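What follows is a single structure, written as structure tokens, with notes after it.
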Amino acid sequence: MKIEHQAGFAHRNLPLLLLQARERLMARFRPILNEHGVTEQQWRIIRALLDAGTLEPREIGEICRISSPSLAGMLARMDELGLVARKRAVQDQRRVRVSLTARSRAIAARIAPKVEETYRQMEQQLGSDLLSHLYRTLDEILAILAAASQPAAAPVGSVSQRTDVSSTTGSTRA
């Protein structure tokens, strides 16, 4: 039996619940970041680069969920602070690669023990089984939603794979 919530919604507000959970989690990490003069967004970028290595800004934006205009300003500030280095790709000067600097790696090394201690405390509070289940569930949700947002491949020779350009009208059909 479905319970109908106010305003006729049958489901709880999942995005809001995830946001509330994020805020409760970040409340544990924010003091650590503040102590080291690192913003939450800067830390997301540093962690992404620690995990993945050198990335292009587009990739950082996708991983960290930061819009391109915001990311451009953030990377410029991080570059000025000596937290990241931006270099043009040798093979394509239009592309930029972003990497961590020795300074940001040193900050991460100082932050890591406190962050790990916070995770240990959460594991004690929540239990390792629940925390492991949460990681698996979130990974699964992200994978399913990512796959669902990818357009399905059309069968070879289908109408959606053919493009017919009419020379008389200049129109394109796909």
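Residue count for segment 49-73 under the criterion of being surrounded by 12 or more Cβ atoms within 10 Å (Cβ to Cβ) and under 10 Å from the mean Cα position of the chain (by Cα): the result is 7. Taking the criterion of being open to solvent by 70 Å² or more (accessible area, probe 1.4 Å), among the aliphatic types (A, V, I, L, M) and more than 23 Å from Glu123 (Cβ to Cβ), would at least one residue in segment 36-44 satisfy it? Among the residues of segment 36-44, not one is open to solvent by 70 Å² or more (accessible area, probe 1.4 Å), among the aliphatic types (A, V, I, L, M) and more than 23 Å from Glu123 (Cβ to Cβ), which makes the answer no. Here Val90 fulfils each of the conditions (1) open to solvent by 30 Å² or more (accessible area, probe 1.4 Å); (2) touching a strand residue (DSSP E or B) at 6+ places or on another chain (Cβ under 6 Å) apart from (2).
Counting just the residues of segment 99-119 that are aliphatic (A, V, I, L, M) and surrounded by 15 or more Cβ atoms within 10 Å (Cβ to Cβ), which one comes out farthest from Ile32 (Cα to Cα)?
Ranking the qualifying residues of segment 99-119, first place goes to Leu100.
Tell me the residue from Arg12, Arg28, Arg47, Arg24 that is at pLDDT below 95, within 27 Å of Tyr135 (Cα to Cα) and not hydrophobic (A, V, I, L, M, F, W, C), please.
Arg12
I'd like to know if segment 122-130 contains one or more residues that are modelled with pLDDT of 95 or more, more than 22 Å from the chain's Cα centre (by Cα) and not in a helix (DSSP H, G or I). Checking segment 122-130: at least one residue is modelled with pLDDT of 95 or more, more than 22 Å from the chain's Cα centre (by Cα) and not in a helix (DSSP H, G or I).
In summary, Val96 fulfils each of the numbered conditions (1) in contact with an Asp or Glu (Cβ under 8 Å, 6 or more places away or on another chain); (2) open to solvent by 70 Å² or more (accessible area, probe 1.4 Å) with the single exception of condition (2).
The values are calculated or read from the model by the stated rules, or taken from the named source; none is laboratory data. For clarity, every value in this text was computed on a predicted model and none was experimentally measured. When we count neighbours, we look across all protein chains shown, and the Cβ atoms used for this are built from the backbone with ideal geometry, even at glycine. Keep in mind that these areas ignore ligands, DNA and RNA; they rest on the heavy atoms of the full protein, side chains included. Shrake-Rupley method; radii C 1.70, N 1.55, O 1.52, S 1.80 Å.
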